[in-house]
Amino acid sequence: MNITQTNSGLWRARIYVGFENGKSVYASITGMSKKEVELKAAQMQLETELKKREMAKPEEQRMSVGAAIA
């Protein structure tokens with residue numbers, strides 16, 4: 001994660017989210033304060049990691065919405 005302050009005074013975080021079509025993919029988050037951006041970036045990193053782990057599971061271990069409700 002890379003957090004910098006822009007020329008306009010906003011804070012921006014760039015987060016690595018994966019690799020697609022031979023290129024690194026990054027997400028960008030901006031906010032008014034560094035703390036706000038750090039929090040949002042940490043949440044996004046956690047969500048990204050959880051998605052990667054879910055996709056790594058074998059198909060039979062994934063739960064559908066219908067199965068979760070039943």
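The values are calculated or read from the model by the stated rules, or taken from the named source; none is laboratory data. It should be emphasised that the depicted structure is a prediction, and the values quoted were computed from it without experimental measurement. Glycine also receives a Cβ, built like all others from the backbone with ideal geometry; neighbour counts cover every protein chain displayed.
Under the condition of being more than 19 Å from GLN45 (Cβ to Cβ), in a strand (DSSP E or B) and polar (S, T, N, Q), the residues counted in segment 1-34 number 1. For ALA68, the test of being exposed (fewer than 10 other Cβ atoms within 10 Å of the Cβ) and either modelled with pLDDT under 90 or in a helix (DSSP H, G or I) (or both) is passed.
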